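The values are calculated or read from the model by the stated rules, or taken from the named source; none is laboratory data. Remember, predicted model here, so these are calculated numbers, not experimental data. Reconstructed Cβ throughout: ideal geometry from the backbone, glycine too, with neighbour counts over all protein chains shown.
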Amino acid sequence: MLVQDVISAEAIGEATIEIGPLSIKKLGLPEAVQYLRSAVLSRSRLSIAICNAHTVMTALDDPDYLETLNRMTLLNDGVGMALASKYLHGESFPANLNGTDLIPHILAEIGTPLRIYLLGAKEEQVQLAKAHIEKTYPAHEVVGVRNGYFDVEDCAEVCAQVSAARPDLLLVAMGNPRQEKFIMENRAKLNATIAVGVGALFDFMSGNVVRAPKAVQAVGLEWLFRFLQEPRRLFQRYVVGIPRFFLAVRKLKRAQTS
């Protein structure tokens, strides 16, 4: 069973879709679960970044962040990535693997008990996220929590705490680019099988941020719902960032056909 899981996941994980300089895994939801299950069972380390339009633009603006992402396993998030893939390659991603939906689905469907460490967000939110996981997914064990408000000089201590807990799944909720840079800069010191940057996941799990209604999610407008909740914080990301993203994709298309 273990060998079959590993071979299956490796075969599934080979296909990618290129969005500019980033190579994104082409996975459906069941395949993504299988991919992570394989890593857990075989103790193969994975470092995962979930990339949306904002992630891509940050990488294009920051060469160091681009280099960080290119050392990680990349998954797609959001309607912008789906539209970009369709425009550039004539095909969309099989599923929207945003962390807010993907991580709960993995916890429900992975089929093996996980040791989970939660790192990031404010203290109240991370504690409430812990309580949510323990209540909703009792097959798993939350082996540690730490808020994301620590200084650079505390980083070694934080890594030591994570490593001592030996998590199968480390969820890092610091926003990007900080969460991905933290994972890769400290990967050798993090004794975690899988490390994933999960953005605002703990805010949603804690109930601090409300999800868009299912109908709004279904038509790809969850970003607009979030913007209306926090217009000041998200103005740069959505009002400025979305047009910039599609202009960048258009430039990539021109380069592709020239």
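When restricted to residues that are over 21 Å from R115 (Cβ atoms), crowded, with 20+ Cβ neighbours inside 10 Å and more than 11 Å from the chain's Cα centre (by Cα), the range 167-183 contains 1. The C-beta contact set for the range 155-182 (first residue under 20 Å from S206 (Cα atoms) and touching a residue at least 12 places away in the same chain (Cβ under 8 Å), second residue of a type in the set (F, W, Y) and outside any helix (DSSP H, G or I), distance under 8 angstrom, 6+ apart or interchain) comprises L169/Y117; L170/Y117; L171/Y117.
Of the listed requirements (1) touching a residue at least 12 places away in the same chain (Cβ under 8 Å); (2) over 17 Å from the mean Cα position of the chain (by Cα), A215 misses just one: (1). Restricted to the range 234-258, and to residues there that are surrounded by 11 or more Cβ atoms within 10 Å (Cβ to Cβ) and modelled with pLDDT under 80, the residue that is nearest to V79 (Cα to Cα) is Y238.
At least 1 residues being farther than 25 Å from C51 by Cβ is the threshold, and among the helices (runs of 4 or more DSSP H) wholly inside the range 121-226 those reaching it are 123-136, 155-165, 214-218.
Looking at the range 71-84, can you tell me whether even one residue there is in a loop (DSSP other than H, G, I, E, B), surrounded by fewer than 20 Cβ atoms within 10 Å (Cβ to Cβ) and either modelled with pLDDT of 95 or more or touching a strand residue (DSSP E or B) at 6+ places or on another chain (Cβ under 9 Å) (or both)? Yes: the range 71-84 contains one or more residues that are in a loop (DSSP other than H, G, I, E, B), surrounded by fewer than 20 Cβ atoms within 10 Å (Cβ to Cβ) and either modelled with pLDDT of 95 or more or touching a strand residue (DSSP E or B) at 6+ places or on another chain (Cβ under 9 Å) (or both).
Table: residues versus (1) among the hydrophobic types (A, V, I, L, M, F, W, C); (2) surrounded by 18 or more Cβ atoms within 10 Å (Cβ to Cβ).
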site: A160; (1), (2): yes, no
site: A195; (1), (2): yes, yes
site: G199; (1), (2): no, yes
site: S206; (1), (2): no, yes
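Scanning the range 39-63 for residues that are touching a residue at least 12 places away in the same chain (Cβ under 8 Å) and not hydrophobic (A, V, I, L, M, F, W, C) yields S42, R43, S44, R45, S47, N52, H54, T55, T58, D62.
Only a single item in (1) surrounded by fewer than 21 Cβ atoms within 10 Å (Cβ to Cβ); (2) within 18 Å of the chain's Cα centre (by Cα); (3) under 26 Å from L252 (Cα atoms) is not met by L97, and it is number (1).
On the basis of being at pLDDT 95 or above and either touching a Lys or Arg at 6+ places or on another chain (Cβ under 9 Å) or under 16 Å from A248 (Cβ atoms) (or both), does T68 make the cut? When the stated conditions are applied, T68 passes them. Of D154, D168, all but one fail to be charged (D, E, K, R) and at pLDDT below 95; the exception is D154. Note on the range 22-54: residues that are more than 13 Å from the chain's Cα centre (by Cα), in a strand (DSSP E or B) and crowded, with 20+ Cβ neighbours inside 10 Å amount to 1. Cβ-Cβ distances below 9 Å connect the following pairs, each with a first residue in the range 88-105 that is at negative phi and outside any loop (DSSP other than H, G, I, E, B), a second residue that is surrounded by fewer than 17 Cβ atoms within 10 Å (Cβ to Cβ) and of a type in the set (V, I, T), and a separation of six or more residues or different chains: P104/T136.
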